[in-house]
Amino acid sequence: MMVDKANLYKATARSSGDNDERALLVVRDLRKYFGDPDRGSPVIAIDSVNFEVKRGDFLTLLGPSGCGKSTTLQCIAGLQHPSSGQIDMDGEIVFSDQQGITVPANKRKLGMVFQSYAIWPHMTVFDNVAFPLVHGSARVPSAEVKRRVMEALELVELDHLALRYSPHLSGGQQQRVALARALVHQPKLLLLDEPLSNLDVQLRDTMRVEIRQLVKQLGITTVFVTHDQAEAMSMSDEIVLMQSGRIMQKGTPRQIFLCPKSRFAADFMGRSNLIPAALNHDGTIADTPFGQLRCNPDHKLAPNSRALLVIRPQAIVVPDPEVDAVSPNTLLGEIRTLSFLGETVEIDLGINGHCLKVMADPYLSLSAGQVIRVVLPPERCLVVPDPDASDRTQAAVGLIGNGATASRNGAAVRETR
Ligand SMILES: Nc1ncnc2c1ncn2[C@@H]1O[C@H](COP(=O)(O)OP(=O)(O)OP(=O)(O)O)[C@@H](O)[C@H]1O
Ligand SMILES: [Mg+2]
């Protein structure tokens with residue numbers, strides 16, 4: 001296990017500021033434009049990004065390709081010069097356009113792992129990890145270099161390969177070299193840009209757990225970047241969900257998955273039934289192609305407005321047919337198709353000519369053509385704004401997320417990924 005040596009390391013790595021309640025990293029109104037605005041329109045890579053990371057927390061920037069994750073991370077690292085905004089690190093301003101402050105990258109107390117690892121092929125594992133101590137701004141005496149490098153290599157269980165040249169390492173081992181190099185400085189902040197994307201699926205799963213355990217044991221505040229929602233959910237204390245350079249939602253993995261606040265969040269964090277809806281006068285009941293449905297009243301949309309009801313296939317309950325009690329939002333539908341996936345049964349349920357995606361208990365005995373009752377618990381029917389409300393010409397129900405969208409009898413077709 002990589003974490004066995006972590007306590008020893010932690011004793012030296014952490015500073016007297018450990019009990020400080022202030023956030024270790026504060027990003028305020030950060031913007032980054034590329035290109036010359038006077039010659040055509042600039043690329044707005046990030047636009048008014050705000051977030052904080054508490055000391056010792058693991059925060060993930062999550063979003064599709066091109067949404068500004070790496071640019072944000074590079075601005076924090078000092079590798080990109082933001083167009084405007086402010087970045088505070090451990091109580092010190094490291095960037096402020098208003099105050100004219102830019103602390104250079106090598107003076108910020110952080111470690112970074114790049115997607116490509118960026119380790120030198122002509123150097124041994126030891127020399128790669130030693131590089132920041134030998135060539136960086138905070139050089140240390142050679143006896144100290146040896147101790148620190150071996151300590152960092154032990155953390156990632158590569159001490160036995162210290163003298164091997166880096167091209168003769170597996171992908172996972174190279175990833176560990178990059179991690180050891182980022183940790184050798186005993187940074188307060190660790191920045192990881194898609195460090196697992198070059199690894200095979202099995203190794204990625206192992207490294208997810210190991211990296212989280214390691215940084216937690218070391219008490220290092222971490223900002224992680226990924227476009228993989230499962231990776232983000234399994235590793236993070238908090239997720240910042242981004243789209244087109246802006247933050248769409250912040251919250252714990254549970255909050256973001258269970259309570260998406262937009263169609264984008266519902267889509268990006270897994271599959272959802274998206275049901276066009278017209279809210280009633282107090283915003284608690286919605287007219288939908290499935291009939292009137294009670295919805296979760298915790299939303300900010302105006303009464304009588306057009307909206308989308310979001311309900312995840314796994315949030316829909318298939319009650320015992322023997323039980324008579326009728327709950328609110330009970331619907332009858334015919335099973336059009338049924339896929340037995342082991343952990344769940346995926347059902348396309350036809351209701352009023354529209355399709356509702358349901359994930360059911362695999363132990364239920366269900367078959368195609370059967371008419372079943374399903375319950376959409378009102379608290380799980382979330383109301384989000386419908387960005388297409390004005391140009392929608394017909395009521396249509398779509399299932400979005402992970403590239404699947406149902407299309408039957410007038411239902412919408414949307415391939416989102
Ligand atoms: N040097 C540059 N010059 C011009 N545009 C750039 C530059 N670097 C990034 N961009 C643009 O800024 C936007 C954000 O890029 P960024 O690399 O931050 O995205 P990302 O979320 O990390 O994407 P990915 O998941 O593909 O790595 C993109 O539209 C990108 O094309
Ligand atoms: Mg990137």
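Only the coordinates and a few stated rules stand behind these numbers; no lab work does. Being a predicted model, the structure only gives us computed values, none of them experimental. Counting neighbours? That spans all protein chains shown, and the Cβs are built from the backbone with ideal geometry, glycine included.
Relative to the longest principal axis of the Cα atoms of the chain, the long axis of helix 201-218 lies at roughly 60 degrees. The angle separating the long axis of helix 142-155 from the principal Cα axis of greatest extent in the chain is about 20 degrees.
Each residue of the stretch 43-60 was assigned a 3J(HN,Hα) from its phi angle through the Karplus curve 6.51 cos²θ - 1.76 cosθ + 1.60 (θ = phi - 60°); the sequence is 7, 8, 6, 9, 9, 6, 8, 10, 6, 10, 10, 6, 3, x, 7, 10, 10, 10 Hz, with glycine and proline shown as x. A Förster radius of 56 Å, combined with the Cβ-Cβ distance separating Leu203 from Ala325, puts the computed FRET efficiency at roughly 0.70.
Unpaired cysteine residues in the chain (no second Cys Cβ under 4.7 Å): Cys67, Cys75, Cys259, Cys355. Here the simple spin-label model places points 7 Å from the Cα toward Cβ, and for Phe34 and Met123 these points are separated by 2.7 nm. Note the angle between two axes, namely the Cα long axis of helix 171-183 and the longest principal axis of the Cα atoms of the chain, as a number of degrees from 0 to 90, rounded to the nearest 10. Between helix and principal axis, roughly 60 degrees.
If I stretch the segment between Gln98 and Arg147 completely, what's the gain in nm (0.36 nm per residue apart, minus their alpha carbon distance), one decimal?
On the way: separation 49, 0.36 × 49 = 17.64 nm, distance 4.21 nm.
The span from Gln98 to Arg147 would gain 13.4 nm if fully extended.
Please give the length that would be gained between Ala368 and Leu341 if that part of the chain were fully extended, namely 0.36 nm times their separation in residues minus their C-alpha to C-alpha distance (nm, one decimal).
Details: separation 27, 0.36 × 27 = 9.72 nm, distance 1.50 nm.
So the extension gain works out to 8.2 nm.
Measuring spread by the Cα atoms of the chain yields a radius of gyration and Dmax of 25.3, 78 Å. Model label sites at Ala230 and Asp282, defined 7 Å from Cα along the beta-carbon direction, differ in position by 4.3 nm. For the stretch 297-304, backbone phi angles converted through the Karplus equation (6.51, -1.76, 1.60; θ = phi - 60°) give residue-by-residue couplings of x, 7, 8, 10, 6, 5, x, 6 Hz, Gly and Pro being listed as x. If R0 is 60 Å, the Cβ-Cβ spacing of Ser170 and Asn304 corresponds to a FRET efficiency of close to 0.50.
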